[in-house]
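The values are calculated or read from the model by the stated rules, or taken from the named source; none is laboratory data. All of these numbers come straight from a predicted model, not from anything done at the bench. Neighbour counts are summed over all protein chains in view; Cβ atoms, including those assigned to glycine, are modelled from backbone coordinates with ideal geometry.
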Amino acid sequence: MTEAVAPRAEIAAPARGDLEVRLKRAAEAIVVPLVALLAATALFSVFLLLLGKSPADFFALVAQGAFASWFSLQNTLQRAAPLLLTALCCAIPARLGLVVIGGEGALALGGLAAAAAGIAMTGAGGTTAQLVMVGASLVVGGAWIGLVGALRHWRGINETISSLILSYIAIALMNHFVEGPLKDPASLNKPSTAAIPDVAAIGTIPGTDVHWGLVIGVGLCVVLWVLMSRTTFGFAARIVGGNLRAAQLQGLPVGRLILIASAIGGACAGLAGMIEVAAVHGRANASLVVGYGYTGILVAFLARHNPLAVIPVAILFGGIVASGGLIQRRMGLPDATILVLEGIVFVAILVSDTLYGRWRIFQPRATAP
């Protein structure tokens, strides 16, 4: 007896259905954040009008200060480099359902560790010193946020609270060492560590004023997208994030996955601190704590914790941050105005989560049995 063969149309139909579902989900993941951004823009415009300022002038200055010239674009990309890495600190653990917001502290400690390692490597070759600095920042940042994962797994402590508290502790530790044991006696007005050797500094991309940290950040986004989307580790992480109980019933090593994801995120933020020291400041001081870790949280949420989507979102917010000085000079608004905008965007993104799955246009069409 010959085996019956399904008609070609019946074989192709499921494939077309799967493609339709993927396309609609992708479209929904783009449209919903855009709607949230538009809503945040409208609310922020009302805020500006209450202050007697023109929303049109504000957003025109943002565009001018962020993307209107080669100089402003380079400034934007400089600001985007650390945002790429601090956003990953939030995005990678989030794939397992963890809300980690301690990137600012991991960046500060990673920068401090990199500066100390660079000073200790005085006299060594440039490549050797840079590798040691990278290693120190990765280990310290990874261990710090890895502690958040450990507290979550073994003690059941909420990772959002513990990461926030540890961030404050990390900043306090950095200030202690910068103003105490590692302080350069010559840094009077602004306590800092001694400068790292010139050979340990990270240079700029040829033909630009943008340092190589941008390339490192973009490269890590691509690598971690592959890890979380195209490997068994990423598949297991998505199962844990989707249903923790189901993951445990399937025998997945939930604790190990949480620790690894937390450590990866922390290592990214620590590396951001190293890049800020080696490419921007040349030493560790209070300039490391300027809010990159907190803005990275917003970038991660707006990108839906997708490492690839982090790249354009980080550039967008890098431009917003870079335009702050121009807005302050032209409109007489304080620097905190940018923080107000970021806060409104963050609230809008959180509220927009209720829109997923509610728009009929993004729902797959029902098929006849």
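Some observations on this one:
- Annotation: Gly265 fulfils all but one of (1) within 21 Å of Ile145 (Cα to Cα); (2) surrounded by 19 or more Cβ atoms within 10 Å (Cβ to Cβ); (3) free of Cβ contacts under 8 Å to residues at least 40 places away in the same chain; the unmet one is (3).
- Any chance Trp225 is hydrophobic (A, V, I, L, M, F, W, C), touching a residue at least 40 places away in the same chain (Cβ under 8 Å) and surrounded by fewer than 18 Cβ atoms within 10 Å (Cβ to Cβ): no
- Answer from Gln78, Gln64, Gln74 - the residue that is assigned to a helix (DSSP H, G or I), within 15 Å of the chain's Cα centre (by Cα) and either hydroxyl-bearing (Ser, Thr, Tyr) or under 19 Å from Ile320 (Cβ atoms) (or both): Gln78
- Within the stretch 148-161, being in contact with a helix residue (DSSP H, G or I) (Cβ under 7 Å, 6 or more places away or on another chain) and without any contact (Cβ under 8 Å) to a residue 40 or more places away in the chain holds for Leu151, Ile157.
- Any chance Ala9 is assigned to a helix (DSSP H, G or I), at pLDDT 85 or above and over 20 Å from Arg304 (Cβ atoms): no
Results for (1) in contact with a Cys (Cβ under 9 Å, 6 or more places away or on another chain); (2) within 20 Å of Leu98 (Cα to Cα); (3) among the small types (Gly, Ala, Ser), shown as yes or no for each residue.
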{"site": "Val134", "(1), (2), (3)": "no, no, no"}
{"site": "Gly141", "(1), (2), (3)": "yes, yes, yes"}
{"site": "Gly146", "(1), (2), (3)": "no, yes, yes"}
{"site": "Ala150", "(1), (2), (3)": "no, yes, yes"}
{"site": "Thr160", "(1), (2), (3)": "no, yes, no"}
{"site": "Ile171", "(1), (2), (3)": "no, no, no"}
{"site": "Glu179", "(1), (2), (3)": "no, no, no"}
{"site": "Leu182", "(1), (2), (3)": "no, no, no"}
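- Qualifying residues in the stretch 285-302 (those that are of a type in the set (Gly, Ala, Ser) and buried (at least 24 other Cβ atoms within 10 Å of the Cβ)) - the one nearest to Asp353 (Cα to Cα): Ala300
- Residue among Gly219, Gly270 that is buried (at least 24 other Cβ atoms within 10 Å of the Cβ), assigned to a helix (DSSP H, G or I) and modelled with pLDDT of 95 or more: Gly270
- Selected residue (criterion: nearest to Ala195 (Cα to Cα)) from residues of the stretch 118-147 that are in contact (Cβ under 8 Å) with a residue 40 or more places away in the chain and polar (S, T, N, Q): Thr122
- The set of residues in the stretch 282-304 that are in contact with a Gly (Cβ under 8 Å, 6 or more places away or on another chain) and either of a type in the set (Ser, Thr, Tyr) or part of a helix (DSSP H, G or I) (or both) comprises Leu288, Tyr292, Gly293, Tyr294, Gly296, Ile297.
- Residue pairs whose Cβ atoms lie under 6 Å apart, separated by 6 or more positions or on different chains, with the first residue in the stretch 345-361 and on the phi < 0 side of the Ramachandran plot and the second in a helix (DSSP H, G or I) and of a type in the set (Phe, Trp, Tyr), are Ile349/Phe301.
- Residue in the stretch 78-97 that is surrounded by fewer than 24 Cβ atoms within 10 Å (Cβ to Cβ) and of a type in the set (S, T, N, Q) present: yes
- Qualifying position, being of a type in the set (Gly, Ala, Ser), closer than 24 Å to Asp184 by Cα and out of contact with any Leu (no Cβ under 9 Å at 6 or more places or on another chain), among Ala116, Ala120: Ala120
- Selection from the stretch 227-255 of residues that are under 14 Å from Leu98 (Cα atoms) and not in a loop (DSSP other than H, G, I, E, B): Ala237, Arg238, Ile239, Val240, Gly241, Gly242, Leu244, Val254, Gly255
- Within the span defined as the stretch 164-180, every residue fails to be in contact (Cβ under 8 Å) with a residue 60 or more places away in the chain, surrounded by fewer than 17 Cβ atoms within 10 Å (Cβ to Cβ) and not in a helix (DSSP H, G or I).
- Out of Ile202, Ile260, sole residue that is surrounded by 17 or more Cβ atoms within 10 Å (Cβ to Cβ) and not in a helix (DSSP H, G or I): Ile202
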